[in-house]
Every structure is written in structure tokens, then in C-alpha cells.
Amino acid sequence: MSGIDKIIEQIEKNSASACDSVIAAAQSKADAVIAQATEQAQRITAEGRDKTAARVADIKKRGDSAAELEEKRVMLSAKQSIISKMLAEGLAAAKALPDNEYFELIEKMVSEYSQPEDGVILFGSKDISRLPEGFINRLNSVSKGGLTLSDEAADIDAGFILKYGGIEQNCSFDAVFAGESEYLSDRAGRLLF
């Protein structure tokens, strides 16, 4: 082998060695970039999973809260419906009491709602026709003031109206139940629920 061949062979060896070094360095850099990219992709994927899990948990929590609120609204509506029905049935039952019980209730109401002054009591036409004998005397015995029976009928179907001067106090069953509806609703609610 001549000197040139040896030089060429040496250049080829050096060139192959340099190429191998460059390729090894490039491969090492490529492996590092791939490892870094893989690590970054895993981190981004994990963050995405965490964010998605947090969003899913938040959506579920809001959904549960909305469902709970809707359940409470439906239950409240049902309770109010039951209480309203009970109050309507109670009013109807009070209006349908037998005469003796009905007028005993009127006496109790007069003792509660009457004022300590003289006044006039008005009944509906149905009640006027069935007033017990001496009923006004019985009312005056429980009233805080004297009461006179009016000649005119009140436009009510049950209960009475008290007049003191120019002031009327509506003690019809409808008015009393309406005025006491919140109290009666609370009591019925406590008894039922």
C-alpha cells in the first residue's frame, strides 16, 4: 500500500469516526429531545386529566346542588298543597258544623273578637233564620261590650260582622281563616311534617 492509500484510509477512518461521533451526538440530542417531549406530553396529559376531573367534579357538584334544590322546591310545593287542602277542608268543616256546635263556636269567637264597647252584630241570611232562642243574650254574656242584632243580613255565608261606630270587623269564617292562614299553615306543617 502506498502512502496515499494509507492517507486515504486514515482520512476514511477519521471521517467514519467523526461521522460516528456526530451521529452519536445527534442521536443523544434526539433522545434527550424525545425524552423531554415525552415528559412534557405526560405532564400536559396529567394536567389535562386533573383539570378535566376538577371540571367534572364541579359540574357534578352543581348538578347535585340543582337536583337537591329542585327536590326541595317540589317537596315545598307538595307540602303547601297539602296544607292548603287541609285548611280548605277545615273551613268547609267549620261551616258545616251542626247548629249547636256552630253557634258555640260563634260564642267563642265573639268572646275573642268583641271590643269593650257597644256594637252591632250582623249575621248572614242563612244564620239569621236559624239563630237559637235567646242567642243574643248568650252573646252579650261573653262579649266585652254590649251587642245588638242588626236587622240587615251581612253578605257572608258563615260567621259574623261586628260594627263599632263606623268600623266593621269581619269575623266571617272566610276572613278569619284568611287572616290566620299563616299561623294555621305553620301549625298544620308542624303537625304533618
Of all the strands (runs of 3 or more DSSP E) wholly in segment 108-164, which have at least 2 residues that are in contact with an Asp or Glu (Cβ under 8 Å, 6 or more places away or on another chain)?
147-149, 159-164
Just checking, how many residues over segment 150-178 are within 13 Å of Val120 (Cα to Cα) and exposed (fewer than 14 other Cβ atoms within 10 Å of the Cβ)?
5
Report every pair of residues separated by at least 6 positions or lying on different chains whose Cβ atoms are under 8 Å apart, first residue within segment 77-102 and surrounded by 11 or more Cβ atoms within 10 Å (Cβ to Cβ), second of a type outside the set (Gly, Ala, Ser) and part of a loop (DSSP other than H, G, I, E, B).
Lys79/Phe193; Lys95/Asp157; Asp99/Arg130; Asp99/Pro132
In the set Ala67, Ala94, Ala54, the lone residue that is modelled with pLDDT of 80 or more, touching a Phe, Trp or Tyr at 6+ places or on another chain (Cβ under 6 Å) and part of a helix (DSSP H, G or I) is Ala94
Of the residues Lys13, Lys79, only one is more than 30 Å from Phe177 (Cα to Cα) and of a type in the set (D, E, K, R); which?
Lys13
Picked from segment 131-168 (must be touching a strand residue (DSSP E or B) at 6+ places or on another chain (Cβ under 8 Å) and among the aromatic types (Phe, Trp, Tyr)), the residue nearest to Ala92 (Cα to Cα) is Phe160
Quick one: is Ser114 of a type in the set (Gly, Ala, Ser) and closer than 30 Å to Glu133 by Cα?
yes
Given the conditions (1) of a type outside the set (Ser, Thr, Tyr); (2) surrounded by 11 or more Cβ atoms within 10 Å (Cβ to Cβ); (3) assigned to a helix (DSSP H, G or I); (4) out of contact with any Gly (no Cβ under 8 Å at 6 or more places or on another chain), and given that Val74 satisfies all but one, which numbered condition is not satisfied?
(2)
Expected single match for under 14 Å from Cys171 (Cβ atoms) and small (Gly, Ala, Ser) among Ala153, Ala94 is Ala94
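The values are calculated or read from the model by the stated rules, or taken from the named source; none is laboratory data. These figures come from a predicted structure and were not determined experimentally. For neighbour counting, all protein chains shown are included, and Cβ atoms are generated from backbone atoms with ideal geometry for every residue, glycine included.
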